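The values are calculated or read from the model by the stated rules, or taken from the named source; none is laboratory data. Treat the numbers as computed from the prediction; the structure is a model and nothing was measured. Positions of Cβ are backbone-derived with ideal geometry, glycine not excepted, and every protein chain shown enters the neighbour counts. Accessible surface areas use protein heavy atoms only, side chains included; no ligands, DNA or RNA. Shrake-Rupley method; radii C 1.70, N 1.55, O 1.52, S 1.80 Å.
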Amino acid sequence: MDKIRWTNLNAVLERYAEAFIKNAQQNLDKNDSNASGALQRSMELDKIVIDDRMMKVTISLDDYWYYLEHGTSPNYGAKNPTRKMPPIQPIIEWIESKPVPPKVEGLTVKQRAFAIAKSI
């Protein structure tokens, strides 16, 4: 049996990935989850793999998307030592991009970010 040739499949998958990324970026804006725009800017088509058994489209984006999408589980720390805090760096960037006054005076941006991460 002859092999099937998918002459336009790569282009179709590329357009699909671009539409998926655009939709995800719009959802960040719609949900007011786009404080610094860093996550939105980090979204890009990584690669397309097509072989005899599968088609795979990989999109790359900053790692903190997971916490934005799913949050964190309750009982962080001693009660649930397997659960991690969200990453601090994106919170630092968010603090620096938003004119939000600190609740406690004298804290550094990093200390504020840590406090926020612990409360998430």
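Remarks
- Criterion applied to 111, 89 was being surrounded by 10 or more Cβ atoms within 10 Å (Cβ to Cβ), closer than 15 Å to residue 36 by Cα and modelled with pLDDT of 80 or more, and the one residue passing it is 89.
- Test result for residue 28, under 21 Å from residue 120 (Cα atoms), at pLDDT 80 or above, outside any loop (DSSP other than H, G, I, E, B) and touching a Leu at 6+ places or on another chain (Cβ under 8 Å): yes
- Pairs with Cβ under 7 Å, 6+ apart, first in the range 83-110 and outside any loop (DSSP other than H, G, I, E, B), second at pLDDT below 80 and open to solvent by less than 70 Å² (accessible area, probe 1.4 Å): 90/64; 93/36; 94/35; 94/36; 97/35; 97/36
- Listed by first and then second residue, the pairs with beta-carbon distance under 7 Å, at least 6 apart or on different chains, first residue in the range 46-64 and of a type in the set (Lys, Arg), second open to solvent by less than 90 Å² (accessible area, probe 1.4 Å), are 47/58; 56/49.
- Leading residue by the ranking (most open to solvent (accessible area, probe 1.4 Å)) among those in the range 2-25 that are out of contact with any strand residue (DSSP E or B) (no Cβ under 7 Å at 6 or more places or on another chain) and at pLDDT below 85: 5
- Inspection of the range 37-46 identifies at least one residue that is outside any loop (DSSP other than H, G, I, E, B), at pLDDT 90 or above and open to solvent by less than 70 Å² (accessible area, probe 1.4 Å).
- Candidate set: the range 47-71, residues that are part of a loop (DSSP other than H, G, I, E, B) and of a type in the set (A, V, I, L, M, F, W, C); chosen: the one most open to solvent (accessible area, probe 1.4 Å): 54
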